Amino acid sequence: MQKSIRRRNFIGETASVAAATAFLPYTSLATDNKNKVQPSGKKRLALVGTGDRGSSNWGKSVVNNFAEYVEFVALCDINPKRMEAAKQLIGVDVKCYPAPDFDLMIKETRPDLVIVTTTDCFHEKYIVRAMELGCDVISEKSIAIDADQCQRIADAEVRTGRKVIVGFNVRHMNESIEMKKILLSGELGKVISIDYHEYLDTSHGASYFRRWHGKKAYSGSLLLHKASHHFDLINWLLESEPIDVHAIGKLAFYGHNNNYRGRNCRDCAFTEKCKFYWDMTKDARMMALYGNCEDVDGYFRDGCVWDNEIDIYDTSSVQVNYDNGTQFTYTMNTFLPQEGQRITFFCENGKLDVNLNYSQPWEVAGTFEFRITKDRKTTKYWILKPAEGSHGGADDRLKELIFKPGTKDQFNSRADSRAGIMSSLIGIAARQSIETGKMVQIADLVKFPKVWRG
Ligand SMILES: NC(=O)c1ccc[n+]([C@@H]2O[C@H](COP(=O)([O-])OP(=O)(O)OC[C@H]3O[C@@H](n4cnc5c(N)ncnc54)[C@H](O)[C@@H]3O)[C@@H](O)[C@H]2O)c1
């Protein structure tokens, strides 16, 4: 039987309140933060996880475009060399703290907001600690990669009264806004079911298998790392939440599915014959952030896609029932000649087809095709283009909504911890379903706080 989150029995918050007393020494810090007068009037930012995303979207781009509203006060990372390289790339003159000094960083630099852009498995640790230390948080997706992490974030937010914003930039893409407008217009009526196919190619798709993303322990699998964007998109479009999840998945192409392998491309004996050979030395930014820092942490950014330790799925299918009755089918294939998405909404008054052609078919590459079909005679077809800027302009729209006071949130695009947790829970449930062969009830994974009751 399906269990609705809204209808379930919720736990009290007694346990959370008791746990909070463990952090009493920092209560005064939270108060200090609130009452602090900023001479500049700007929000103070600290960034933890100074890799590619941290130093670009949440680093340099913030300094370049939002310096009127925010300023960096500190950086933090596990790798001091990468942190120093990021500091140069971002172009800030702030103190750098090694990861074990995270608490010290907060105490000394008093940020209002902590931006979390570490490897996914560590998001929760910093989200929770930052809130305990009196800060609000911006976290990259996936905010959590297992159910216990989701629980700890939900509890910490209630306990501390601080807030988490999730970097779901996909909500801000032209094509997502177009889908939202169509569904909000009511033209098609109730959404009965959705088919959603994610196609990743042997360039972008393969890149996940070169990096930490290829290990479930770090990324939770692509059902978290990648699909959390898509699960969130559907949750947001439907304005509904998942009830139960069933999935199948396998590793059928990358990892152990080859008869030779190396450690990483620069150190490989098979560069001549491997079609995934990538010469990272040609990319100065990659070398600054990773190649020149690997002696510290042993992390190879050009890792082998045939690594035997890769344990995520490259092929998966997920089915979700929603609170509002919508049935959702999602597939992800990661080794294709083409990159794109096909999404179809089957509704009571017709059908919406969305073809996002990132790389192919050639004749429509770089376009987003929309088609509404009402009946056998009536169809409407149009094409959208992405906006200028990274991730189709979505990265800047997201930052504007977060940093620029007074920015209108027309489509309720600001994603909170609940949205982050709900998208993660679909991926977590899908992984559990693949591993057990059973359907997973979302409400069995986390005890949701009372304040979430709908
Ligand atoms: N929304 C998007 O479009 C988008 C795009 C890319 C990445 N991301 C997200 O951004 C995050 C970072 O991705 P990336 O590509 O920059 O990865 P990355 O590997 O380049 O960066 C991660 C950084 O975290 C640091 N780190 C690892 N463990 C740490 C720890 N325990 N404490 C402190 N620092 C630690 C690493 O040293 C590294 O500098 C990920 O969560 C990813 O999901 C989002």
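The values are calculated or read from the model by the stated rules, or taken from the named source; none is laboratory data. This one's a predicted model, so the numbers in the text were calculated from it and none came from an experiment. Every residue, glycine among them, receives a Cβ derived from its backbone with ideal geometry; neighbour counts consider all protein chains shown. Note: areas computed on protein heavy atoms with side chains; ligands, DNA, RNA excluded. Shrake-Rupley method; radii C 1.70, N 1.55, O 1.52, S 1.80 Å.
What is the Cα centroid distance between segment 58-82 and segment 361-411, reported in whole angstrom?
28
Once every Cα of segment 170-219 carries one equal point scatterer and solvent is ignored, give the base-10 log of I(q)/I(0) from the Debye formula at q = 0.28 Å⁻¹, two decimals.
For segment 170-219, the Cα-only Debye profile gives -1.07.
Excluding same-chain residues fewer than 8 positions from Lys42, which lysines have a Cα within less than 16 Å of its Cα?
Lys34, Lys399, Lys404
Could you tell me what percent of the DSSP beta bridges with both partners in the chain are antiparallel, to the nearest 5? Show your work: numbers first, answer last.
Values: 49 of 78 bridges.
Within the chain, antiparallel bridges account for around 65 percent of the total.
Would you mind checking which residues have amide H under 5 Å from Leu336's amide H? H placed 1.01 Å from N; only 5 or more apart, or other chain.
Residues meeting the amide H criterion: Leu200, Asp201, Thr202.
If I take every Cα pair under 8 Å that is 6 or more residues apart in segment 267-345, average their sequence separation and divide by the length, what percent do I get for the relative contact order? Can you show the working numbers first?
Details: 43 pairs, mean separation 12.6, N = 79.
The normalised contact order for segment 267-345 reaches 16 percent.
Arrange the peptides 218-228, 321-331 so that the one whose residues have, on average, the most other Cβ atoms within 10 Å appears first. Could you put the intermediate results ahead of the total?
Values: 218-228: 25.6, 321-331: 18.1.
Top of the packing list down: 218-228, 321-331.
Are there trypsin sites (Lys or Arg not before Pro) in segment 307-410 that DSSP puts in a loop and that have at most 13 other Cβ atoms within 10 Å, and which ones? Please report the intermediate quantities before stating the final value.
Working: sites: Arg342, Lys351, Arg371, Lys374, Arg376, Lys377, Lys380, Arg397, Lys399, Lys408; in loops: Lys374, Arg376, Lys377, Lys408.
Of the trypsin sites (Lys or Arg not before Pro), the ones in loops of segment 307-410 whose Cβ has at most 13 other Cβ atoms within 10 Å are Arg376, Lys377, Lys408.
Tabulate in residue order the Karplus-calculated ³J(HN,Hα) for segment 401-407, using 6.51 cos²θ - 1.76 cosθ + 1.60 with θ = phi - 60°, rounded to whole Hz; enter x for Gly and Pro.
Result, rounded to whole Hz: 4, 7, 9, 8, x, x, 5.
Modelled label-to-label distance, Ala252 and Glu309, 7 Å Cα→beta-carbon offset: nm?
Between Ala252 and Glu309, the simple spin-label model gives 2.7 nm.
Quick one: what are the phi-derived ³J(HN,Hα) couplings along segment 375-391, Karplus 6.51/-1.76/1.60 with θ = phi - 60°, whole Hz, x for glycine and proline?
For segment 375-391, the Karplus curve yields 7, 5, 10, 10, 9, 10, 10, 8, 10, 10, 10, x, 6, 5, x, 5, 6 Hz.
Report Rg(Cα)/(2.2 N^0.38 Å) for segment 189-333, keeping two decimals. Intermediate values should be presented prior to the final figure.
Working: Rg = 18.1 Å, N = 145, 2.2 N^0.38 = 14.6 Å.
Cα-based Rg divided by the globular estimate yields 1.24.
Could you give the accessible area per residue of the chain, probe 1.4 Å, as a whole number in Å²?
Working: 19560 Å² over 454 residues.
Accessible area per residue: 43 Å².
Express the carbon and sulfur contribution to the solvent-accessible surface of segment 209-259 as a percent, rounded to the nearest whole number, probe 1.4 angstrom. Spell out each step's value before the answer.
Values: 720 of 1520 Å².
Answer for segment 209-259: carbon and sulfur cover 48 percent of the accessible area.
In nm, to one decimal, how far is the modelled label at Trp382 from the one at Phe411, with both set 7 Å along Cα→Cβ?
Computed distance between label sites Trp382 and Phe411 equals 1.3 nm.
Looking at segment 257-288, which trypsin sites (Lys or Arg not before Pro) are DSSP coil and have at most 11 other C-beta atoms within 10 Å of their C-beta?
Details: sites: Arg261, Arg263, Arg266, Lys273, Lys275, Lys282, Arg285; in loops: Arg261, Arg263, Lys273, Lys275.
Of the trypsin sites (Lys or Arg not before Pro), the ones in loops of segment 257-288 whose Cβ has at most 11 other Cβ atoms within 10 Å are Lys273, Lys275.
5 Å is the cut-off here: which amide hydrogens, built 1.01 Å from N in the peptide plane, fall below it relative to Ile115, excluding neighbours closer than 5 in sequence?
HN-HN under 5 Å from Ile115: Ala46, Leu47, Val48, Ile138.
Can you tell me the mean projection area, over all orientations, of the convex hull of the chain's alpha carbons? Units nm², please.
Values: hull surface 91.4 nm².
The Cα convex hull of the chain, projected and averaged over all directions, gives 22.8 nm².
Let me know the longest stretch in the chain that avoids all GluC sites (Glu not before Pro) found in a DSSP loop with at most 16 other C-beta atoms within 10 Å. The partial results should precede the final answer.
Details: sites that count: Glu13, Glu68, Glu187, Glu239, Glu272, Glu309, Glu348, Glu388.
Maximal segment without exposed cleavage sites: 69-186.
Please list, ordered by chain and number, the residues whose modelled amide H lies under 5 Å from the amide H of Thr367; skip anything fewer than 5 residues away on the same chain.
Distant-sequence amide H within range of Thr367: Asn357.
Quote the accessible area belonging to Leu113 in square angstrom, nearest 10, computed with a 1.4 Å probe and with ligands, DNA and RNA left uncounted.
20
Taking θ = phi - 60°, what integer Hz values does the Karplus form 6.51 cos²θ - 1.76 cosθ + 1.60 yield along segment 49-54, in sequence order, with x for Gly and Pro?
For segment 49-54, the Karplus-derived couplings read x, 9, x, 4, 5, x Hz, x marking Gly and Pro.
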